[in-house]
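Novice: To start, I am sharing the structure in question, which I have written as structure tokens.
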Amino acid sequence: MTPKLSWRKTSRRLHLYLGLSVGVLLTIISLSGSVLVYYPQIDSLLNPINDTTTNTKIPDWDKAYSKLRKNFPSKLGPWRLENTGVNSIVPARYYNPIETKEHGFAPLMVWLSSDNDEVIRKDYWGEYLVTWIYNLHFSLLTGAIGTLVVGYIGIATLLLIISGFFAWFPKPGQWIKSLKFKRRSSKIGLLYDWHKLIGLALCIPLLVLTATGVMLAIPKQTDPVLIALVSNINSPSKTQMQANKQSNIPLSKAILIAQKALPSARLAWIETPSNLNAIYRFRFQTDNDPSYRFPHSYIEVNASTGELESLFNIDKQSTASKIKNWLHPLHDGSIGGNILKVIWVLSGLGSAALFFIGLYRWLVRTNIK
């Protein structure tokens, strides 16, 4: 007869094999994720910008857009400008520049002075440290295939966490004993206790980080599940309007038109018209939107006529759409301020510690050194 395996023993084996198979890549993803929690701040420290201007007003968007077009006359596609607030440097992006067309996602990144009068920094995504780390975290530096791999590593990680929990799950009456750090003389026992306590402490944070990471990495695979369980997912319009010789309305006027459509919302991003599409596209954060930097309400304004072309208010969309809106602010910790961000940093470091402790314990047990 074939001996029966208990669910606890099965969980232990699954946990071991998953840890050994995805542990190295998971550690890379975890450590890079810890860095990315504060990546804008780290980038500012590594690349200090000497902006001597003292502008105390909101950005002059017409001036900023004009400066970009003047400094980069060959860039005829849309620019994306980020609204970072009063008296702030204005970051801008130009997607799909010809200089990096072989590199997948590698937009031209530009920073304008707070008075919008000069370009004070220019770089390409992936060519400075924090964006290189971002690509490492999101795609293991291997583009779309790497992103797919990261998503499936995330699914394996969910099984790794759950199997680890069930491998530990105590028998009736042994809960208190199972939660203690025991006095042991053996190295294997001490390593087990450290692995156990770190794993239990970080179990919920790691589940949240992993689940949101999977949904961000492989939406084509996870969206059907969300739709089946919750509701349809609504998507904003992407209007195409043929550009003509007629001059576009000023950016500042288009912003006013958009703000009237969502008067209580905060402008987060601006997308300018291109030589092929006469549309201003704006990204707004509503009061109920948890995502500060990348909110999910959109307004499109016809650059030729000034007419409102489309309005996508995330507050009025389906439940599944709102769930997707929570993924990014949950995954990067921005929804919980510095408290959650610190927990996320420690979770990434703790995940790496779990791998190294687990690997060392396995090596000791199997006498492989």
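The values are calculated or read from the model by the stated rules, or taken from the named source; none is laboratory data. From a predicted model like this one, the values you see are computed outputs, not experimental measurements. Ideal geometry is used to build each Cβ from the backbone, glycine not excepted, and the neighbour counts take in all protein chains shown.
Novice: Among LEU363, LEU327, which is the only one that is among the aliphatic types (A, V, I, L, M), touching a Ser or Thr at 6+ places or on another chain (Cβ under 9 Å) and surrounded by fewer than 20 Cβ atoms within 10 Å (Cβ to Cβ)?
Specialist: Values: LEU363 fails: touching a Ser or Thr at 6+ places or on another chain (Cβ under 9 Å).
Selected residue: LEU327, the only one of LEU363, LEU327 that is among the aliphatic types (A, V, I, L, M), touching a Ser or Thr at 6+ places or on another chain (Cβ under 9 Å) and surrounded by fewer than 20 Cβ atoms within 10 Å (Cβ to Cβ).
Novice: Just one of (1) under 24 Å from the mean Cα position of the chain (by Cα); (2) not charged (D, E, K, R); (3) not assigned by TED's automatic domain parsing to the domain that holds VAL345 trips up PRO250, so point out which.
Specialist: Of everything listed in (1) under 24 Å from the mean Cα position of the chain (by Cα); (2) not charged (D, E, K, R); (3) not assigned by TED's automatic domain parsing to the domain that holds VAL345, PRO250 misses just condition (1).
Novice: Checking ALA144 against (1) surrounded by fewer than 15 Cβ atoms within 10 Å (Cβ to Cβ); (2) farther than 30 Å from VAL214 by Cβ: exactly one of these is not met. Which one?
Specialist: Of the numbered conditions (1) surrounded by fewer than 15 Cβ atoms within 10 Å (Cβ to Cβ); (2) farther than 30 Å from VAL214 by Cβ, the odd one out for ALA144 is (2).
Listed here are the residues, each with its yes/no results for (1) in a loop (DSSP other than H, G, I, E, B); (2) in contact (Cβ under 8 Å) with a residue 12 or more places away in the chain; (3) buried (at least 17 other Cβ atoms within 10 Å of the Cβ).
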| position | (1), (2), (3) |
| --- | --- |
| VAL301 | no, yes, yes |
| SER310 | no, yes, no |
| GLY337 | no, no, no |
| TRP344 | no, yes, yes |
| PHE356 | no, yes, no |
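Novice: Do we find that LEU141 is outside any helix (DSSP H, G or I), free of Cβ contacts under 8 Å to residues at least 12 places away in the same chain and aliphatic (A, V, I, L, M) in this structure? Talk me through it step by step, then tell me what you get.
Specialist: Working: outside any helix (DSSP H, G or I): yes; free of Cβ contacts under 8 Å to residues at least 12 places away in the same chain: yes; aliphatic (A, V, I, L, M): yes.
So LEU141 fits the description; yes.
Novice: Right, another one. Report, by residue number, each residue of the range 312-324 that is free of Cβ contacts under 8 Å to residues at least 40 places away in the same chain and surrounded by fewer than 16 Cβ atoms within 10 Å (Cβ to Cβ).
Specialist: Within the range 312-324, the subset free of Cβ contacts under 8 Å to residues at least 40 places away in the same chain is 314-316, 322.
If the condition is that a residue be free of Cβ contacts under 8 Å to residues at least 40 places away in the same chain and surrounded by fewer than 16 Cβ atoms within 10 Å (Cβ to Cβ), then ASP315, LYS316 are the ones that fit.
Novice: Yes or no: LEU207 out of contact with any Asp or Glu (no Cβ under 8 Å at 6 or more places or on another chain), assigned to a helix (DSSP H, G or I), modelled with pLDDT of 95 or more and crowded, with 19+ Cβ neighbours inside 10 Å? First the steps, then the outcome.
Specialist: Values: out of contact with any Asp or Glu (no Cβ under 8 Å at 6 or more places or on another chain): yes; assigned to a helix (DSSP H, G or I): yes; modelled with pLDDT of 95 or more: yes; crowded, with 19+ Cβ neighbours inside 10 Å: no.
For LEU207, the condition - out of contact with any Asp or Glu (no Cβ under 8 Å at 6 or more places or on another chain), assigned to a helix (DSSP H, G or I), modelled with pLDDT of 95 or more and crowded, with 19+ Cβ neighbours inside 10 Å - is not met.
A quick yes/no check of all residues on (1) loosely packed, with under 14 Cβ neighbours inside 10 Å; (2) in a helix (DSSP H, G or I):
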{"site": "PHE181", "(1), (2)": "yes, no"}
{"site": "LEU216", "(1), (2)": "no, yes"}
{"site": "ILE227", "(1), (2)": "yes, yes"}
{"site": "PRO236", "(1), (2)": "no, no"}
{"site": "ASP289", "(1), (2)": "no, no"}
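Novice: While we're on this one: Please determine whether any residue of the range 244-267 is assigned to a strand (DSSP E or B) and at pLDDT 95 or above. If you could, list the steps in order and put the result at the bottom.
Specialist: We begin by selecting, within the range 244-267, every residue assigned to a strand (DSSP E or B); these are 266-267.
If we keep only those that are at pLDDT 95 or above as well, we get 266-267.
So far as the range 244-267 goes, yes, one or more of its residues are assigned to a strand (DSSP E or B) and at pLDDT 95 or above.
Novice: Considering only the range 39-132, give the strands (runs of 3 or more DSSP E) lying wholly within it that have at least 1 residues that are farther than 15 Å from THR272 by Cβ and hydroxyl-bearing (Ser, Thr, Tyr).
Specialist: On the way: elements: 79-82, 90-94, 108-112, 119-124.
Fully inside the range 39-132 and qualifying: 119-124.
Novice: For ILE49, which of the numbered conditions (1) modelled with pLDDT of 95 or more; (2) of a type outside the set (Phe, Trp, Tyr); (3) closer than 30 Å to VAL342 by Cα fails to hold?
Specialist: Single failed check for ILE49: (1).
Novice: Filtering the range 266-287 down to residues that are of a type in the set (A, V, I, L, M) and crowded, with 23+ Cβ neighbours inside 10 Å, which residue is nearest to the chain's Cα centre (by Cα)? Before the answer, list the steps.
Specialist: Looking only at the range 266-287, we keep the residues that are of a type in the set (A, V, I, L, M), and these are 267-268, 270, 276, 278-279.
The next check asks that each one be crowded, with 23+ Cβ neighbours inside 10 Å; those that pass are 270, 279.
Numbers: ILE270: 19, ILE279: 27 Å.
Among residues in the range 266-287 that are of a type in the set (A, V, I, L, M) and crowded, with 23+ Cβ neighbours inside 10 Å, the one nearest to the chain's Cα centre (by Cα) is ILE270.
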